[in-house]
Amino acid sequence: MVQRHLEAVALNSDQSARWELTIDFELPSSPRASFATFDGQDHFFFPLLFLKKAQGRTGFGVYTEDETVLPIPTQAQCDAASIAGALATGRRLLSDTAPEKLQEELETHLRRIVTRRPLKASAALAKLEQDLDCATRKSWHECGLLEDLHMLVEHSVIWMPFRGIPGERRLLRVRQDHEFTPRPFVRWIFGELKEPKFPRLRRRRARLLQDGNSTMVLYTGSKTYGRRRYSVSLSVLGERLLKALAWMPIEFDFPSIYPRRCASYHFELTCPDGLAPRDVKLAIRKERHWWERHADIDESSAKQDQQLTLRAGRAHVYLSGGSNLNEIKLRVTAGVSPGAFPILWFFASATTAIMLWTLAAVDPTSLTGEGTSGKDQIAAGVLLVVPALLGGLIFGVESRSISRLLNGARVLLLVSGLSAVGAATVLIRQPFGLQCGWAWTICATIATVATVPLATSWLLSVPTISHQLGKLDTVERQYQTLVALGLLAELLLLGLLALGHAPLLRAAGGAALVLMVAPFILLASNRGAVSILIRRSSVVIPAATAAAICLALGCIELHGTTDPQFVREFAGQAEIVGMLALFVVLISGIVLLPILKPSDFTGDELNVPPDVGRALIAGDRIYELVELRKYEEAV
């Protein structure tokens, strides 16, 4: 009996990790479990690992308690052990009413299930289930044999030989290095290759079928399946851009079948210096057939016996009653640890932005007019020296793990410094014929646009803020927060409309609008708080749009503090347009919420990554095809 399964993942500074599975088990006490006895010790076969049939058997090692390396049997030896074990159990549980043909052909069926590729193994299992009588099916189901046969369709078992005393406690460790590939930007729309409507697509389908290209078309009797078209994932594009700003943490999905048939299951995550675990979410598969974001995955049931502990650089998940669970899927989230993001980066950029807005608020003639000898040189020196001194903070990060996350932050800090350089050049020469006030406003706006993401990145690394964001664990709660922030921005704009030209109050209102950008961005990037099954486009799109509106209006208000004519001619109209735009944004979330449903299965087609599509065509995956056929039968 397996007492405990412990899966440990240690993230490296690059896109790789060390995976280790620790199995704490007892040698069986039943005499039937031993296949031989020598020198007073029994010899056993222990099912160590379940590997995909297409997965190689190299790259991992098996170790005992004293770190002794154990030899791994060949695939032929392991398949022979699987066939023998399933055959002995199946024959023992055959009912008296079982047909003689089944007893004679049982070994042939099991051999096909264990040794053939998943597509043909699935057909062999379906044929075997048709031949089973009700009593045999019930006994096989109760002892778990049917579940094991379904597992053997896509997996093969690594059997390890042991010798010892029945009931003796043993410990094994399996280690392997993993490299995590990012989610693909381009995905496949996979399904049955039906007769298309357009002539060009008809010619392409005919060419595929005539050429008989086995790498692009899957033939399953009377029907053919393959890639219908490509789809582009905008969420992946946004994720890759935002990760460089430390808005999006490192995430990877980790499917596991090891909660099955054990007294307890543990999962541990270890992060390198500079990174900290944000959350570990899991979903339990209720049925045999599932894939990413499928409705059969139930996250609520996974929370019943789950205990999550987060420490500095470590996360631990404990599942009691693991023997009652089936396959699970974990989504691990790790971000910049508290204190690893240089807060001085944000202060450096904020200081530059405030300095530029102050410069934009002064009368340009006080620096560039007659009788101002030396003032322009002093201002230019301040604009050049201060960002240069603050720019030395760019080299404050040594950890390679967070260096990857902060590349975009470095670029933003560089943009902030260059905006100060651009403001200094105005004192020498007016570029593009712009007046000094407008040129300094443009430079200050650029510095502000660079400062807001740095502020958001710093806030995301603060544990208190991350904890509060974690409470918004549903799309509904996030949308309610979005509406509250939107109404606050609307009230602020109403107050600005009633102010007229009051420089200090208008500057405070503009600064408040700029500060409101951060909460909107925090809400838009708060993907880790919700279920791994839910798409958040109904919150992300309105929140990001509202942030852009507030940033634009805030910069407009700051520019209008010293320009009454600009306030009269443009700022008031911008405030009205901004209020209407914010209202439309809030309403759009209600429209998008029912439209953007979480589903990768849309009737007769699947939205899958390219590697999954190629595995389907090669016959190395089967359950997605089973779901397609179930839909076709229902229709």
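Since every read-out is calculated from the coordinates, none of them should be taken as a lab result. Computed from a predicted model, the values in this text were never measured in an experiment. Backbone-built Cβ (ideal geometry, glycine too); neighbour counts: all protein chains shown.
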Cα-projected label distance for Val421 with Arg175, points at 7 Å along beta-carbon direction, nm: 4.8
Full-extension gain in nm, Thr309 to Ile576, via 0.36 nm per residue minus C-alpha separation: 91.3 nm
Theoretical gain in end-to-end length, Arg163 to Glu105 [0.36 nm per residue, Cα-Cα removed]: 17.6 nm
In Hz, Karplus ³J(HN,Hα) per residue of region 149-159 (6.51, -1.76, 1.60; θ = phi - 60°; x = Gly, Pro): 5, 5, 5, 6, 5, 9, 10, 10, 9, 8, 9
Square roots of five times the Cα gyration tensor eigenvalues for region 78-202, Å: 35, 27, 12
Hydrodynamic radius by Kirkwood, which averages 1/r over all alpha carbon pairs of region 19-157, in angstrom: 16.7
Peptides ranked, highest mean first, by Cβ atoms within 10 Å: ranges 123-133, 542-552: 542-552, 123-133
Subset of Lys52/Lys223; Lys194/Lys223; Lys53/Lys281; Lys281/Lys471 violating a 19 Å alpha-carbon distance limit: Lys52/Lys223; Lys53/Lys281
Radius, Kirkwood style, for region 438-511 when every pair of distinct Cα atoms is counted (Å): 15.2
Karplus-derived HN-Hα couplings along region 544-555 (A = 6.51, B = -1.76, C = 1.60, θ = phi - 60°), whole Hz, x at Gly and Pro: 5, 5, 5, 4, 5, 5, 5, 5, 5, 5, x, 5
Table column - 3J(HN,Hα) (Hz), region 112-117, Karplus curve with 6.51, -1.76, 1.60, x for Gly and Pro: 5, 5, 7, 9, 7, 5
Chain lengthening between Thr220 and Gln75 when straightened (0.36 nm per residue, less Cα-Cα): 49.5 nm
Per-pair calculated FRET efficiency, R0 = 35 Å: Leu491 and Asp253 via Cβ, rounded to 0.05: 0.25
Förster radius 41 Å - calculated FRET efficiency between Tyr63 and Val411, Cβ distance, rounded to 0.05: 0.40
Cα gyration tensor shape for region 1-78, rounded if a/c is under 1.5, else prolate or oblate: prolate
